[in-house]
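The structure appears below as C-alpha cells.
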Amino acid sequence: MRLAVVAVLLCALLAGCGTAPAAVEPGEAAAAPAAAVDRNFPDPDILKVGDTFYAYATNDNNANVQVAVSDDGDEWRMLDDDAFPDLPTWVIPGKTWAPEVTEVSPGSYVLYFTATNFMPSLQCIGVATSTDPAGPFVAVGDGMLVCPEEEGGAIDASTFVDDAGLNLLWKNDGNCCGLDTWISTAPLSADGLTLTGPAHRLIKQTLAFEGDLVEAPTIVLRDSEYVLLYSANHYGDGSYAVGLATAPGLSGPWSKLEEPLLSTESSGGLFRGPGGQDLVETSEEGGFMVVHSWDKDYTYRAMHVVPFVWEGAVPRPAL
C-alpha cells in the first residue's frame, strides 16, 4: 500500500539513509509506479468528506468533471456519473479544466471550474453548487466568477482557509497571450460564491525550471507559514514540474525553492512531467500528494499518489 510506507520512509529520511533517485539519461525509460487512477485524469483535486476521499479531474471520458473515490487515499474507483453534467449557456463546451471542490458548510459543496467563456472568449473560472460531493453541480449566476480579459483570462482555481476566512487562488492565463503568469488570491464570501475583496498577486515565473508559466496553485498552512505549491513549464512534456514557495503571510515576502519539489529528473524518471498537484495531510509528520503524470508513451496523464514527509515547511516527496 502506498500510504502504509509513509512511516518507514519517514524513519529513513530522518535517519539520513534515504537514497536519492538517479538522474535519468536522455532516452532512458524508467518504470513508473502503478497509477492510483490509470486513465486520463489530469489536474486532480482532493476533498475528504467523512471517511471518504473524492478526487476530481479535468474533462475526459465523456465527463465535464471526472470523479474517483477512495476509503483510504490509496485504492481508488471511478464513479460513473459526471459531477457537472450540464454546462451553463455562457460556456463553450469542450475545455472544462482543473476542478476544485470545497465544502463551505456541512452538506454544502462549491465547485470552481475552468471553462471557455463566450465573451470574452477566454478560459475563465466559474462556480457551481451541490449538496452532494459527487454532484451533480449546478452553475451559479449568469457569468464567470473570475475573468480578467486584460490578463488573458484565469484558470486553475483552488481554495484555502486562514484566520481571515475562505480564499480563492488562481493563475491568470497570460501565457495564452505573451503575458506574465501570476498566482493571485482574493477573499471569498462565507458561501464561496462571490469575491469580497481585491485580488492580490503572489508569485510569477522567475526561475529557469518554470519556463514561461506558473499555474495550478495549492496553499496549505504549516504552523505559521504559508506553503504554496504550484506547477510550472509546459504540461505536455517532461519539463512540467511542481515548485514550492513559502511566506510568513499572503503579502509575502515569498521565497521559492530554486529547484522543483517534484520533477521528471528529481523522481529519477518515475514520474513524467508531474504536476496539477494537491496535498493531503494525514498526520503531523506528513501525508500524501496527488499529481498527474504522463504514461511512458505520453498519451495520457494518470493520477499518482505520492507520500510526503514534512521537512520544516517543505512537504518532501518520499520517493
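Since every read-out is calculated from the coordinates, none of them should be taken as a lab result. Everything quoted here is computed from the prediction, not taken from an experiment. Note: ideal-geometry Cβ built from the backbone for every residue, glycine included; neighbour counts use all protein chains shown.
Below is a table of values for the structure above.
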{"quantity": "Two-site FRET efficiency, Thr194 against Val69, from Cβ-Cβ distance with R₀ of 41 Å, rounded to 0.05", "calculated": "0.90"}
{"quantity": "Under the Karplus curve 6.51 cos²θ - 1.76 cosθ + 1.60, θ = phi - 60°, whole-Hz ³J(HN,Hα) for segment 51-68, x wherever Gly or Pro sits", "calculated": "9, 10, 9, 10, 10, 10, 9, 3, 4, 4, 6, 6, 10, 5, 10, 7, 9, 10"}
{"quantity": "Stretchable slack from Asp38 to Asp86, in nm (0.36 nm times residue separation minus alpha-carbon distance)", "calculated": "14.7 nm"}
{"quantity": "Amide proton proximity set for Ala241, modelled H, under 5 Å, gap of 5+", "calculated": "Ala232"}
{"quantity": "Ranked list, fewest to most other Cβ atoms within 10 Å of each Cβ, for Phe53, Phe113, Phe209, Phe84", "calculated": "Phe209, Phe53, Phe84, Phe113"}
{"quantity": "Near-label residues of segment 97-111 by backbone N, under 16 Å of a point 7 Å along Cα→Cβ of Val138", "calculated": "108-111"}
{"quantity": "Mean Cβ count within 10 Å, highest first, over the residues of peptides 307-315, 39-47", "calculated": "39-47, 307-315"}
{"quantity": "Check: the chain dipole with +1 on Lys, Arg Cβ and -1 on Asp, Glu Cβ, in debye", "calculated": "300 debye"}
{"quantity": "Helical mean residue ellipticity (222 nm; -39500 (n - 2.57) per DSSP H run of 4+; nearest 500) of the chain", "calculated": "-1000 deg cm²/dmol"}
{"quantity": "Relative contact order (%) - criterion: Cα under 8 Å, at least six apart; region: segment 54-208", "calculated": "15 percent"}
{"quantity": "The chain: relative contact order as a whole-number percent, Cα under 8 Å and 6+ apart", "calculated": "16 percent"}
{"quantity": "Estimated distance in nm for a label pair at Asp295 and Glu281, the labels positioned 7 Å out from Cα along Cα-to-Cβ", "calculated": "3.6 nm"}
{"quantity": "Length added when fully stretched, Leu257-Glu225, from 0.36 nm per residue minus Cα-Cα", "calculated": "10.1 nm"}
{"quantity": "Size of charge dipole - segment 81-221 - debye, nearest 20, with Cβ of Lys, Arg +1 and Asp, Glu -1, no other charges", "calculated": "160 debye"}
{"quantity": "Taking the convex hull of Cα positions in the chain, its mean projected area over all directions (nm²)", "calculated": "15.4 nm²"}
{"quantity": "Under Karplus coefficients 6.51, -1.76 and 1.60, residue-wise ³J(HN,Hα) of segment 256-261 in Hz, glycine/proline x", "calculated": "8, 5, 6, 10, x, 6"}
{"quantity": "Rel. contact order, % - alpha carbon contacts under 8 angstrom, at least six apart, segment 228-284", "calculated": "36 percent"}
